[in-house]
Every structure is written in structure tokens, then in C-alpha cells.
1. Accessible area of segment 575-675 with a 1.4 Å probe: how many percent of it is carbon plus sulfur?
2. Sort 713-720, 540-547, 568-575 by the packing proxy (mean of other Cβ within 10 Å over each peptide's residues), most packed first.
3. Between Arg273 and Gln708, how many nm apart are label points set 7 Å from Cα along the C-beta direction?
4. How much length, in nm to one decimal, is gained on full extension between Gln404 and Arg512, taken as 0.36 nm per residue of separation minus their Cα-Cα distance?
5. Can you work out the accessible area per residue across the chain, with the rest of the protein chains kept in place, probe 1.4 Å, in square angstrom?
6. Top to bottom by accessible area (1.4 Å), largest first, where do Arg288, Arg464 land?
7. Shape of segment 530-586 from its Cα gyration tensor (a ≥ b ≥ c, root eigenvalues): rounded if a/c is under 1.5, otherwise prolate when a/b > b/c, or oblate?
8. Of the options Leu236, Ile195, Tyr218, report the single residue whose Cα projects farthest towards the positive end of the charge dipole of segment 157-274 (beta-carbon charges: Lys, Arg +1; Asp, Glu -1).
Amino acid sequence: MIEDLNIGESHSNFDIKDFIFKVIGHWKLILVSVAIAFGIAYYSNARKQNVYALDSLISVENDQNPFFTANTSISFNWGGVTSKVQTVITTLKTRTHNEIVVDSLQYYVQYLIEGKYRKNDIYSQAPFIFEVDKLKPQVLGKPISIRFISEDQFEITANFETERGTGQIYESKEKLQVLLPQGEFKKVYKLGDPINSTFLNGSVQLRGFSPVKVGQTYFINFLNFDTVVNGFKNGLNVRPNSKGSSILILRLTGTNKAKIVDYLNTTVEILERTQLERKNLYATNTIRFIDSSLQAVSTNLKAVENEMNNFRAQNKLFNVDEESGRISETLGNYESQKTQIDSKIAYLNSLQNYLETKTDYTKIAAPTSVGIDEMNIVTSVQRIIDLSVTRQKLEYTIKENSPQFRNIDRQIDAEKSVLLETLKETKKTFGFQLNSLNKTINTLGAKLSELPKDQQEFLKIQRRFNISEEVYNVFQTKKSEAEVVKAANVSDINVIDNAKDIGGGLIGPNKRLNYLIALFAGVLIPLMIIIVVTFLDNNIHTVTEIERLSKIPVLGIIGKYKSEGSLAVYNNPKSAIAEAFRAIRSSLKFIYKSQKVKGPKTVLVTSSISGEGKTFCSINIATVFALTEKKTVLVGLDLRKPKISKDFDVTNDVGVVDYLIGARSLGDVVQKTHIENLDLILSGSVPPNPSELLMSEKMDALIEELKQTYDIIVLDTPPLGLVTDAIELVEYADATIYMIRQNYSKKDMLTVINDKYKKGEVKNISFVLNYYAHKKRQGYGYGYGYGYGYGYHDNEEDNRSIFKRVLSFFKRKS
């Protein structure tokens, strides 16, 4: 039978129903928490600036120059579309590009107006523009007031707390310390007047035809150029419209939509311009090279022309015979070819020297500018320039020793090695051609040597003139081709959709989300507090908890008793608490009957620790039996901490101890009380060995003598959780009552009695829940077992203020 008495130790101590009632019971706390959270969310939404996001759409195409032919191979091809897209994305995120955009828009100057919570950036809505003197410093981070006192006059006001501040010269981006005027600075200026001070330099101009509001105060604030650039650089988001797409979406967020629109559109305009300049780089280098060569060729042509005219005038020579003229013309053609080859060899030598001594390969002229059409050379030069430009772009976003730089350098070195070998072989080929031409020229020259000296000299000058003229014409043709290519080039950046403020674009603050978070936090925080308190709370609160923690039945429930003393039944016989003890009396009778106890009955009252109402219950159980005309004796066996005497207004001079040590007889230790049929045996003086006395044979004799005189014997014993005396006394009890006090007794204290009950060391034991006050959030729980008691709840509990309830709660916890 004992094995069937599982105490339920494996059962969970968490009651979801009880927890739900606790949560519902704290609805006011949750409501206040939600209200506070909503207040914070409202305050946050009101103070935060609106954040907008706007987009711009561009495409990266591979627009081929319509004038590009095999004869005008001066166009610079900088990679396929995929490579271009990545290059454009990288360019838009570089510091150099964003510096150009910020500088062109002068976003380092803020135009502000005082708002409800902060100074708001009004940007282009300001009726004036501050023309910054970029050669002089402007103080950073110190808003300067501008108030118009008339349509063409304004007053500048500034207050500085320190003698020095940080200024910046926007031309060089240099930062330096500037002196600040002490106290209030105030000065009147006219529109357009130069402003020269230690902290502000420039002039104020009206913005178009915007009218000024007289008396309105504006503020200008100068920002660190590098900080502004870094903010836009990091804030600009560039991504393909889809994977592998050549369409790019540019997105920028900020608090001023007009600023976002201008920045997106300007960044695209500058991108178009820089990419077109890059695309024209090859043609530009070629034109620069031809211009530098044309000057020398033109000078030489004029000199030869003058020499020929002078020779004719001096020698009266205007024509030669037909055969000599034919030979001279042929010789001139060969000499022209020789000049072209010499020019090509000179270019190749120059290119070789450039590759071997320089590191910036973006300024190489096109080989076609001197008539070199070998595709190996042309392609290699284009490839080297392309890689060099790509490397320059990456210098602003990637560290010098990064793998990307090393990879590009390896490609440039490999391409350069191949090109240098090609140059050597090409120069050898040109050398062979030159030798052959020299032989032919010498042969033809020998034929002309038979002519008279003046004719020979004239033909020589004429050939030099023809050669110079042909070279000049070739250079002019190449220059024209390069200029046509450059003029016909179009940017590979096409704007599909410019940024524009058409309303909307608001992305923050997300007011709905903030309120949702506030609701969630407002409920979650008190809920977490309740959960933590619930799991840390080790006190017993309800009958349901007792039933969950133990298989020992609950005999009854006793409400709070707030009157003086412990004679609750005697002093208030019609109270709810008196009815509760009568119910316990009925339950005890049922136990005695079911156990077939005949004659005198004993009931033992114990608890886990002191303060749980053990003595209070003993006195009132004894009283309730005495009122039924049963001869009852209350025996105080708590020898260490006796309390019964003060409730009956008697002294504790003699008692059980005196009987057990043989100093007094039973008649000497029994005391009459003012309650009819109720006698009292106190504990007596505190002995040094209480356990040994209670375990002595005299204790058996005491119980036997009492049974001969009394119908009901109530034993008030020591707490079972502190000493073992009560366990030794259980053998004398026909029924045992184990007291539990609501919000006081600890859950883990039931472990001891559960263990003893499981082992069969205690029998016929029942719990009584004492000092019970029913609360709505605890649900309704009645005691089971052999009967039930009536709970008692003082209405004063409901009338207490929340503060007093909280204070009372913490007092109980302490």
C-alpha cells in the first residue's frame, strides 16, 4: 500500500492555469506598462526626422563609335558590358567621385531653420545662397544665425563658448584652428557684400527670385568635407536591377528629399562626363601627341618651302627635264617611305622607353597616329591603358597591397612583356625595310648625280619639300580622324529614369512598427517580470499547489485572524474562521470513524517551521471540541518554544517537563481554563534535553493517564522541519495535522513530510492551509480529503491602496 502513495515529486511545479490567473490579476500593471511604452513610441516618432529613400535608374551600354573603322582605330574600348557594370559600381562608390559631387553641390554648407525639436535642414528652400570663399577658412560645426532686417540687409549673429575652433579651407580641404570672437558677435551686412572674419568668409546672395521674409532667422552650418563625402559614399546603394543586368538602380536615403534628388542626378551627370572622358582618353592622348609633332613638322615645312623659293629666285631655275623629274619623283616617294619608317621606329623607341621608365600608362598615344596598324601592338597598348585606368579607380577604394592590385599588376606586367618583345621584332622588320629603301634611294641618287649641280640641288630641295608636305598632311589627317572619333563618342551611361520627388519615399521612422514594438514590449516586460517572480517564488499560495506538490490530503482551510490572541473560536463563535475550525472538527471525526478509533482520541498538530500557526490551530481545535461538551486537554509539547500560556493568561511555571522528570503528578500540572471542558497542560520550564524527555517511558504513562480522564487530547508539538521530536510523538496520535501558512511556508519544506509519508513513518496525516486570503488571480481551490474548511477573507484587503499592497507583498517576501 505504501508503494502506491506516490508523493508526486516528479510532477511539474508549474501550474499553467494558476499562472494565467496571475497574469490576468496583474492586468493593471500590464496596462500601465503598455501605456508607458506607447508614450515612449509616440515621443520617439514625434522627435525623429522623417527618412526618405529615392531611386535613379541608369543603364550601362556598349555604344560603339559610328566613325570607328579599321583606318580610324583610335576609339578606346574599355571592356565588355559586364566589366563596365562592375567598373561603374566601383566608380560610384569611390571617394574621388563623391568628392567631385559634394564639391559641385557644396553639401558641406547646411541651411537650417529652427524647428520644434531641432534645427531642420531646408536646403534649397532657403531664400539665399552663401557663396563660400574656398580660399579662406570656415568654422566647422558652429551654426551661425542670419536674420534679414530688410530686403537687402541681414544681420549675422554668433555665440562661441571657446576662444578657438576648427575651421576648414574647402579649396585644399585643409583643417586648421581658427580664432573665435568672445561673447556675442553681431554685425549687419548687405546682400553681395564680402564677409571677412576669422570664422566666416564669403557673401550672401539671393537664390533666384525667392523673396526674403524680414525678421526670419536662418542658420548656416559648415560641415567637415571628408565627413560629408564619407556619409554619401557609404549611404549610396548601387545594385544591378537583376543578376547579370546592365541596368543599375541607384538608391540614396536622407532626411531632405530635394537633397537626395540633386545628389542622385548630379552623381549620374558626373559619371557620364568622367566615363566619356575615359572613353576619349585614347583619342585625347593621340591628339596631344599629333599636336606636339605637328609643330615641328610645320616649322620644317615652312623652312624647306622658303629654301626652295630662294633657290629658284637665285638660280633662275623653275623646271627640269621630264626624265630627271620622273627619277626625282620616284626618289621622293622612296624617301617619303623612309621618313614614315623612321617616324614609326622613333615612335616604337619612344614607346619602349616609356614602358621601361614610367608607371602611369594612361597617357600613351595611339600607334595608329604614326601609321602603325599592327593589331598586336594596337591591342596591347589598348589593354595596358585599360588596366592602368582600372587600377587608378581602385586606388580610392582598395588598399595598395590587396590581391586585386597584385592581380592587375601581374596582368600589366605580362601584357607589357609581350608588347616589348613585339616592339623589338617590329623594329627589326622596319630595319630590313629601311635597308632596302636606302639601297634603292642610293641607286636613284646616282642617276641624278649626272645632272648639273644646280638641278641636283633643286631636285633635292623639292623632294624634301614634298616629303615634309606629305608628313604634314598625314598628321593633319590623323588628327582629324581622332577629333571625329572623339566628337562622335557618346557616353556608355544612359539615364533611364532621373531621380524625382513625386511624393512618397518615406521609409522611416516606421511608426506602425514602433507602436507594434511598444505594444509587444509593454506586454512582454511585465510578463517577464511575472514569469521571473513566479519561478523565483518558493512560497505556497493555494490548495492547488499543495495538491500538486503532495499526495497528502488537505483537511481544511483557515482564513486570516486579525484580532488579538489566538482564541478565535471562543471569542468569535459566529465568525467564518470559527466555522472553518468546526469543519476541521467534523473532518477529524470522520477520520476517527474511518480508522475505527474507540474511546479517547488524540490529534497531533505540527508544522515545518515556527510561525505557520501550529499553536493557534491547536488552541482552536481544542476549543471547538470543548464546546461540544467533550472533555478536552491541550498539551503543550513544544518544550523549546512554548507559547500557549499567554493566550490563557496563566504562568508556565509547571507543566509536562515537571511530570516527565517525576517532580510533579498529573494533577499538579493540569490547569483549568475559563473555557468549559477545556484543560491545559503547559510545557513548563525549558529543559536541557527535550528530545530525551519526550522519548522517555513517562511520556507513554502521560498519554495513558490522559486517556483515562479526557475524550480529546490535542498535542501541540515542535515543528517537524526543525527537530525530530514531532516524529517521535506521532505514534501517540490518532490523527496528525500538518500546518501550512499561505504566502509563508516554502514549497521545498514539504519534501521532508512527503518522504516520511511515503516511507510510512507518519499515518493519518492531513494538511491545513492557514492564514488564507482568496484572490481572484489564484482561482478557486477547495481542500480535499476528509472534509473542507471555509476560507475567510477580510474585505479590508480589497480596500487597500496599490502602494500598500505592493509594500505588503515585499514585506512578506522579506
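The values are calculated or read from the model by the stated rules, or taken from the named source; none is laboratory data. Note that the coordinates shown come from a computational prediction; the quantities given were computed from them, not determined experimentally. Here the Cβ is made from the backbone with ideal geometry for all residues, glycine too, and neighbour counts use every protein chain on show. Heads up: the accessible areas ignore ligands, DNA and RNA and are worked out on the full protein's heavy atoms, side chains in. Shrake-Rupley method; radii C 1.70, N 1.55, O 1.52, S 1.80 Å.
1. Carbon and sulfur together cover 50 percent of it.
2. On the way: 713-720: 25.6, 540-547: 21.4, 568-575: 16.6.
Packing proxy ranking, top to bottom: 713-720, 540-547, 568-575.
3. The two pseudo-label positions are separated by 12.5 nm.
4. On the way: separation 108, 0.36 × 108 = 38.88 nm, distance 4.52 nm.
Length difference between fully extended and current span is 34.4 nm.
5. I get 51 Å² per residue for the chain.
6. Working: Arg288 130, Arg464 95 Å².
The most accessible residue leads, giving Arg288, Arg464.
7. oblate
8. The Cα lying farthest towards the positive end belongs to Leu236.
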